[in-house]
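Colleague: This is the structure, below, for whatever I ask next.
Please treat every number below as a calculation from the coordinates, not as lab data. The structure displayed is predicted, hence computed values, not measured ones. Here the Cβ positions follow ideal geometry from the backbone for every residue, glycine too, while neighbour counts run over all protein chains shown.
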Amino acid sequence: MRPVIHSFDAVILGGGAAGLMCAMEAGKRGRRVAVLEHADRLGKKILISGGGRCNFTNIHCTPENFLSSNPHFAKSALARYTPADFIALVEKHRIPYHEKTLGQLFCDRSARDILGMLEEECRAAGVSIFLGTKIVELSRTTEFIVRTTNDEFRAAALVVATGGLSIAKIGATSFGYDLARQFGLKIREPWPGLVPLVFDQQDRPRYCDLAGVSADVIASCDGAQFREKMLFTHRGLSGPAVLQISSYWKKPNSIQIDLAPGRDVTAIFHDPKAPRTLATLRQELRKILPTRFADRWLELHSPSSWTNSALADFEQQLHAWTIAPSGTEGFEKAEVTAGGVDTDELSAKTMECRRVPGLFFIGEVVDVTGHLGGFNFQWAWASGAAAGRAL
Ligand SMILES: Cc1cc2nc3c(=O)[nH]c(=O)nc-3n(C[C@H](O)[C@H](O)[C@H](O)COP(=O)(O)OP(=O)(O)OC[C@H]3O[C@@H](n4cnc5c(N)ncnc54)[C@H](O)[C@@H]3O)c2cc1C
């Protein structure tokens, strides 16, 4: 059977956050745009994001909230499409939202509101959407030719918005990385980010029965640090502080955790009347850590004696619990994929490949990864808008 041939100004691969933003921006400017999505519906990740309420941006967004081999790369796009721009869109669609904590904006009702808004904007901009499309071949002559099972799409511009590797069961593929390699572009080897960590053999029996217990900590690794909650799981550690630091962690490095930020647990012993006993120390530690964790910590790390120097060691250890995870829970549990298409290959203003004119990469497939808290969507919106305005 001969394929049906479609001609567009731009073909966008992937109908997720970045692809839809790019499509609506280009469509609004009169470009004839097609979005090819292999799943049976658009924006599946948007629907499950933020526990179903989509943490769609963060009002405190700065370039420092992103990891990339080039920390300057994201600045231009982030400055030209800001959280205020996205909030204006959300308000135009009368979507109720609230700030949960630390500048994180969530839908009051459901993530469906955000997806519905993007779909409506795409419809209004005349964007053509093709669902359930399997891309079987991609080539470039004077234009890009994308062959799907039954059709052929031709366009002068091709935008890759196929996302990262996180959560294959809802449609993540390595397509974007493979395509970048096909065109000879450099890739920063992808790794799972915002992901729970797994204890090594030694720590697992010590702590895993504490699953569900959480504490306010500072987690540090590779020059980064985050003060938020840490949570024990059946296999290791999670919670916002650990998810954040996981993006900076690579095996075999270790992670430091301050279990009593800004507190001096042994200060009581400056008082000569305070009995230097385990009971006193337990009482003090329980003021800071949940009882079960405080008791476990003392079982494993009780001071070697009651001298000032032994107490100082105890205090020091509490502020620098060092763990060497055996690994992470992997791409199946990762909220994001770090690494990706090397930013050296792309224009920071338009996301177009320097070496392959007309080819653009946007969103998570690019080596720009946000912290937890709405930053990854802000990158998807900003990079999508940057490319959409250049098409
Ligand atoms: C559980 C979870 C919760 C999250 N919550 C938040 C949150 O609250 N706030 C936040 O900022 N970030 C959150 N994120 C991260 C955020 O969802 C992503 O960073 C963002 O969706 C990336 O946008 P994208 O368009 O680059 O990729 P995606 O949104 O993943 O879109 C890529 C699209 O491409 C399609 N695709 C893949 N391969 C192909 C192919 N071969 N052919 C055609 N189509 C293809 C996919 O089906 C998908 O629709 C969350 C992630 C997860 C996994």
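Colleague: How compact and how long is the chain, expressed as Rg and Dmax of its alpha-carbon atoms in Å?
Modeller: Computed over the Cα atoms of the chain, radius of gyration and Dmax are 24.4, 92 Å.
Colleague: Comparing G370, G15, G132, which has the greatest mean-square fluctuation in the GNM of the chain with Cα pairs linked when under 10 Å apart?
Modeller: G132
Colleague: Please compute the Kirkwood hydrodynamic radius of segment 198-283 from all pairs of different C-alpha atoms, in Å with one decimal. Present the calculation step by step, with values, prior to reporting the outcome.
Modeller: Working: mean 1/r = 0.0689 Å⁻¹.
Evaluated over segment 198-283, this radius sits at 14.5 Å.
Colleague: Here is the link list: K186/K250; K100/K229; K44/K349; K44/K229; K250/K349. Which ones come out longer than 22 Å on Cα distance?
Modeller: Over 22 Å Cα-Cα: K44/K349; K44/K229; K250/K349.
Colleague: For Cα pairs less than 8 Å apart in space and 6+ apart in sequence, what is the mean separation divided by the residue count of segment 1-90, i.e. the relative contact order in percent?
Modeller: Numbers: 67 pairs, mean separation 18.9, N = 90.
Across segment 1-90, relative contact order equals 21 percent.
Colleague: Report the calculated FRET efficiency for L300 and A84 (r = Cβ-Cβ distance, R0 = 41 Å), to the nearest 0.05. Don't jump to the answer; show the numbers that get you there.
Modeller: Numbers: r = 49 Å, r/R0 = 1.19.
So, using R0 = 41 Å, E works out to roughly 0.25.
Colleague: Within the P(r) computed for segment 73-148, what percentage of the Cα pairs occupies the region above 22 Å? Intermediate values should be presented prior to the final figure.
Modeller: Working: 1438 of 2850 pairs.
That tail contains 50 percent of the Cα-Cα pairs.
Colleague: Using +1 at the Cβ of each Lys and Arg and -1 at the Cβ of each Asp and Glu in the chain, identify which of C353, P303, T266 lies farthest towards the dipole's positive end.
Modeller: Projecting each Cα onto the dipole axis, the largest value belongs to C353.
Colleague: Taking Cα atoms, how many degrees apart are the long axis of helix 375-388 and the longest axis of the chain, rounded to 10 and kept between 0 and 90?
Modeller: With rounding to tens, the tilt is 20 degrees.
Colleague: Then there is this: Using a 7 Å offset from the Cα along the Cα-to-Cβ direction at both E99 and R147, what is the distance between the two label points in nm, to one decimal?
Modeller: Result for the modelled spin labels: 5.4 nm.
Colleague: With just the Cα atoms of segment 249-381, tell me how far they stretch along each of the three principal axes, in Å, largest first.
Modeller: 76, 26, 25
Colleague: Using Cα pairs under 8 angstrom and six or more residues apart, how large is the relative contact order of segment 90-192, in percent?
Modeller: After rounding, I find 11 percent.
Colleague: For the chain, what's the relative contact order in percent, using C-alpha pairs closer than 8 Å and at least 6 residues apart?
Modeller: Dividing the mean separation by the residue count of the chain yields 26 percent.
Colleague: Output the direction-averaged projected area (hull surface divided by four) of the convex hull of the alpha-carbon atoms of segment 251-294, in nm².
Modeller: About 4.4 nm², averaged over all directions.
Colleague: Quick one: putting +1 on the C-beta of Lys and Arg, -1 on the C-beta of Asp and Glu, what dipole do you get for the chain around its Cα centre, in Debye to the nearest 20?
Modeller: Values: 45 positive and 42 negative charges, 118 e Å.
With only Lys, Arg, Asp and Glu charged at Cβ, the dipole is about 560 debye.
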